[in-house]
Amino acid sequence: MKNKFELCLENIKKNNILICPYCKQGLQIDNHSLKCYNNHNFSISKKGEIYLVNSANYKHSSIYNRDLFLSRREFINKNYYNNVYLNISKYINSLNKSEITILDLGSGEGTHMHKICEKLDIKYNLISIDYSKDAINLVTDYYLNNICIVGDINNLPIENNSIDVIIDFLSPYNGDEIRRVLKQDGKIIKIVPGNNYLKELRYKLDLEEYRKKEDVKNNLLKYFNIIKEIEVTDIFIIEKLDLDHLIKMSPLQNNLKDKQINIDKITINNIIYYGECK
Ligand SMILES: C[S@@+](CC[C@H](N)C(=O)[O-])C[C@H]1O[C@@H](n2cnc3c(N)ncnc32)[C@H](O)[C@@H]1O
């Protein structure tokens, strides 16, 4: 059986759309690394991670660390977002394509995308990009057919017009870069917290409700027509262990201080925007 490194090379060879984050030239495989025409060199780890960041700008995030992503994985694995996955996978399956390239932007540790991909009945190649090395290290636990990149949403190491579907699941957004890498008939799927997302927890932490959706929609509308906007709301009974993971899985934990949180219900409320290029 091929190891992760060999699989990574194989996936790149199949459809090489990677470019240098410094000079934007195409990257070619050169032994254990990728190299551009100008000799910028990027090593590929044994687990198949590729560091494609401009190191002059790269700042390690102390918030998005391995512990946060492990809690995220535990919580997400309990299927609180199942109806979101169903909606997205159904849409992708309906695209009527035989094979697609998907880009997961700000992938985190990869479980959301893994669960969406499990429901796909078309062939796909997946590129996962996150700024956090810890996140990308965890993404390599999944899949055989993906490329795992430590990279910046604001400087994507991806060729123009090369992606069929971009998924941005609760992550930062850069419309210029998304439009640049998306094919003319490509789709953007942006998942944003609805006003009631985690409302029971936010209430206990004295935080206002999320109010992101209008800004996100206006940003999307600069480059994309919104084909549909779906709101998914589920209210779950939450056990103590899941609550602990939930608290640890996001920067919300910074508001915790010494507070003891007790809640028995949690609202998972997300808006899914489906967009296509104008
Ligand atoms: C709220 S988390 C969402 C992660 C994942 N999509 C999920 O829902 O589990 C936001 C993610 O965006 C990543 N991120 C933040 N700024 C980024 C940037 N400039 N480029 C790439 N990823 C970034 C963080 O490292 C983090 O993994």
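The values are calculated or read from the model by the stated rules, or taken from the named source; none is laboratory data. Keep in mind the model is a prediction, meaning the values are calculated, not measured. No Cβ is skipped: glycine too gets one built from the backbone with ideal geometry, and neighbour counts run over all protein chains shown.
Only one of I63, I50, I88 is surrounded by fewer than 17 Cβ atoms within 10 Å (Cβ to Cβ), of a type in the set (A, V, I, L, M, F, W, C), touching a residue at least 60 places away in the same chain (Cβ under 8 Å) and touching a helix residue (DSSP H, G or I) at 6+ places or on another chain (Cβ under 8 Å). Can you tell me which?
One residue alone meets the criteria, I63.
Being part of a strand (DSSP E or B), within 14 Å of the ligand (Cβ to nearest atom) and either over 25 Å from L246 (Cβ atoms) or touching a residue at least 12 places away in the same chain (Cβ under 8 Å) (or both): is that true of I129 here?
yes
For residues that are surrounded by 11 or more Cβ atoms within 10 Å (Cβ to Cβ) and assigned to a strand (DSSP E or B), tally how many sit in region 222-242.
12
For region 70-82, does any single residue satisfy the condition of being over 20 Å from N146 (Cβ atoms), touching a strand residue (DSSP E or B) at 6+ places or on another chain (Cβ under 7 Å) and not β-branched (V, I, T)?
Yes, the conditions are met somewhere in region 70-82.
Which numbered condition trips up N161, out of (1) touching a strand residue (DSSP E or B) at 6+ places or on another chain (Cβ under 7 Å); (2) more than 10 Å from the ligand (Cβ to nearest atom); (3) outside any loop (DSSP other than H, G, I, E, B)?
(3)
Could we say that I76 is surrounded by 16 or more Cβ atoms within 10 Å (Cβ to Cβ), closer than 18 Å to N137 by Cα and β-branched (V, I, T) here?
Yes; evaluated as a whole, the condition is true for this residue.
Does region 248-255 contain at least one residue that is away from the ligand (no atom under 16 Å from the Cβ) and surrounded by fewer than 19 Cβ atoms within 10 Å (Cβ to Cβ)?
There is no residue in region 248-255 that is away from the ligand (no atom under 16 Å from the Cβ) and surrounded by fewer than 19 Cβ atoms within 10 Å (Cβ to Cβ).
Can you find a residue in region 170-177 that is part of a strand (DSSP E or B), farther than 24 Å from I268 by Cα and within 11 Å of the ligand (Cβ to nearest atom)?
no
Collect the residues in region 101-116 that are in contact (Cβ under 8 Å) with a residue 60 or more places away in the chain and either of a type in the set (D, E) or more than 29 Å from M249 (Cβ to Cβ) (or both), keeping them in residue-number order.
D104
Could you list, in sequence order, all residues of region 13-51 that are over 24 Å from G108 (Cα atoms) and either assigned to a helix (DSSP H, G or I) or among the polar types (S, T, N, Q) (or both)?
Within region 13-51, K13, K14, Q25, Q28, N31, N38, N39, N41 meet the criteria.
Tell me, yes or no, whether region 102-118 has at least one residue that is surrounded by fewer than 24 Cβ atoms within 10 Å (Cβ to Cβ), away from the ligand (no atom under 11 Å from the Cβ) and in a loop (DSSP other than H, G, I, E, B).
No, because not a single residue in region 102-118 is surrounded by fewer than 24 Cβ atoms within 10 Å (Cβ to Cβ), away from the ligand (no atom under 11 Å from the Cβ) and in a loop (DSSP other than H, G, I, E, B).
Scanning region 62-101 for residues that are within 13 Å of the ligand (Cβ to nearest atom), of a type in the set (S, T, N, Q) and in a loop (DSSP other than H, G, I, E, B), which turns out farthest from E231 (Cα to Cα)?
It comes out as S62.
Residues of region 142-157 being under 14 Å from the mean Cα position of the chain (by Cα), more than 14 Å from the ligand (Cβ to nearest atom) and among the aliphatic types (A, V, I, L, M), which ones?
Listed by number, the list holds a single entry, I147.
Can you tell which of Q260, Q253, Q184 is among the polar types (S, T, N, Q), modelled with pLDDT under 90 and not in a helix (DSSP H, G or I)?
Answer to the check: Q260.
Tally the residues that are over 13 Å from P157 (Cβ atoms), at pLDDT 95 or above and surrounded by fewer than 15 Cβ atoms within 10 Å (Cβ to Cβ), restricting the search to region 14-29.
Result for region 14-29: 1.
Being over 16 Å from N174 (Cα atoms), in contact with a helix residue (DSSP H, G or I) (Cβ under 9 Å, 6 or more places away or on another chain) and touching a residue at least 24 places away in the same chain (Cβ under 8 Å) is the filter here; which residues of region 202-225 pass it?
R202, L205, D206, L207 - these are the residues of region 202-225 that are over 16 Å from N174 (Cα atoms), in contact with a helix residue (DSSP H, G or I) (Cβ under 9 Å, 6 or more places away or on another chain) and touching a residue at least 24 places away in the same chain (Cβ under 8 Å).
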